[in-house]
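Read the structure below first, then the notes.
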Amino acid sequence: MESYEQENLCHDPIHGYISFVAPGGLSESEICERQIIDGIWVQRMRQIRQLQTAWWVFPTAEHSRFQHILGVMHLASVATEQLYESLQAVDPSLPSKPAVDCLMRMAGLLHDVGHGPFGHFFDSHFLTHFGLTHETLGAHIIENVLADSLQNLRRSPAGKFQVGESISATDVAWLIQRPIENDAQDKPLWLRFLRSLFCGIYTR
């Protein structure tokens, strides 16, 4: 019964069942993925359409940013599973697989957290006047609002972190932002490789 209390599932029409860590069996100071998903910053994604105004012309284009980010979170785990051994071979400083999995999953879940109404249209016609994008807003939310929650994650569907490991909100925020000159100098090699999954040729 304990394993059921530690895992929740949702069903996606493309990916099938997506698992995430539930509150069962957590220590007093620990939080889980379910609590991040249930928080207001992720739940507001239910109100933002993934395809902006396309549904006005194509009535079945109804899915939201919330459905999208759950799928990205799931694919982050798929990528971690495929890439972990290769990353470990090129950078022995790589954290445990559950810690890397959780970092990737949180970057996937939160990469759109800065979106406003009408998604990219809002970027182009409002945020740009202030020198902002949904990515810079998302990074601000991650580092200034969600940091304490991310710091207290201790497991992913891949398992428990090793003793002393934790998730850095700064790393999550860095992964979701487009590269700027010299912003990777103090980042480990394994993290630099993973950023291309969020801000590289694979995202378009």
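The values are calculated or read from the model by the stated rules, or taken from the named source; none is laboratory data. This one's a predicted model, so the numbers in the text were calculated from it and none came from an experiment. Virtual Cβ from ideal backbone geometry, glycine too; neighbours counted across all protein chains shown. When the accessible area is computed, the model is the full protein with side chains, heavy atoms only, and any ligands, DNA or RNA have been set aside. Shrake-Rupley method; radii C 1.70, N 1.55, O 1.52, S 1.80 Å.
Worth a mention:
- Close amide H contacts of GLU7 (hydrogens built in the peptide plane, cut-off under 5 Å, sequence separation of 5 or more or a different chain): ALA22.
- Residue-level accessible surface for GLU33, protein heavy atoms, 1.4 Å, Å²: 0 Å²
- Choice from PRO179, PRO23, PRO92 with maximal GNM fluctuation in the chain (Cα, 10 Å cutoff): PRO92
- Take ARG65: with every protein chain present and a 1.4 Å probe, its accessible area is about 10 Å².
- Surface share of carbon and sulfur [accessible, 1.4 angstrom probe, percent] for segment 49-204: 57 percent
- Base-10 log of normalised Debye intensity for the chain (one unit scatterer per alpha-carbon) at q = 0.12, 0.19 Å⁻¹: -0.62, -1.51
- Simple spin-label estimate for HIS11 and ASN152 in nanometres, 7 Å along Cα-Cβ: 3.3 nm
- Choice from ASP148, ASP186, ASP12 showing the highest fluctuation, given a GNM over the chain with Cα pairs closer than 10 Å: ASP186
- Under a 5 Å amide H cut-off, with hydrogens placed 1.01 Å from N, SER156 pairs with PHE161 among residues at least 5 apart or on other chains.
- When the chain is treated as a Gaussian network with alpha carbon springs shorter than 10 Å, the biggest mean-square fluctuation among PHE122, PHE58, PHE161 belongs to PHE58.
- The orientation-averaged projected area of the convex hull spanned by the Cα atoms of segment 129-193 comes to 5.8 nm².
- Charge dipole magnitude, Cβ of K and R +1, D and E -1 - the chain, Cα centre, debye nearest 20: 460 debye
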